[in-house]
Amino acid sequence: MRRLSVHGVFAVAAAVCAGVLLWQGLHWRQVVALNAAVAAAARPPAENEAEKKDAPAPRDAPREVRLARAIALARAGAHDAAFKSYSGLIQPGALDALGRQAQFNLGNMYLRQALASSPGGDAAAPSAETAPLIELAKQRYRDLLRADPGDWDARYNLERALRLAPEEQEAYAEDPNVPVERRRVQLRGMDPGDLP
């Protein structure tokens, strides 16, 4: 009787382990398939013969694949298609990790476009062509910082965009009656602005 119960416990333990092993194997196959799809989407658009050069990833593709495709499109200079892909990943009100990454990359794309079209680079004042792109980048970084105030990459890029196109300072003039705890932090070389 005792031998039968020991064999029964061992059989149950072996069945549970086999089930866990089977589940892990299926999960591993899904991850490998997703990684292959991401690698295919991340290839530069010119290498994909079966699709148009600036075609975004299909809407039914996993979000990771759509993000990789949007990054590849932005690198290739297909900014309109990249914008559509990034916008499809950003869900207003509830930014998950992929949505925050898409928001950050979209802000970076706008900032890179502004720097590329500016004749003087970082040192030049924003022109009529680059100012809207810098404003769009600042808005994306602000939205990202509202969702995640601890994102130092977005904070740095927002500060860089603010240095390129400073905001009007009259709106941020300090009231002398404000308590010390509520005053804005003063940075050397930068006027106070709308940093979150």
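The values are calculated or read from the model by the stated rules, or taken from the named source; none is laboratory data. Note that this is a predicted model, so its numbers are computed, not measured. Using ideal geometry, Cβ is built from the backbone for each residue, glycine included, and neighbour counts are taken over all protein chains shown.
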In the range 83-97, residues that are surrounded by 14 or more Cβ atoms within 10 Å (Cβ to Cβ), aliphatic (A, V, I, L, M) and outside any loop (DSSP other than H, G, I, E, B) total 1
Selection status of Glu174, modelled with pLDDT of 90 or more and over 17 Å from the mean Cα position of the chain (by Cα)
no
For the range 100-118, how many residues are free of Cβ contacts under 8 Å to residues at least 40 places away in the same chain and within 15 Å of Tyr141 (Cα to Cα)?
7
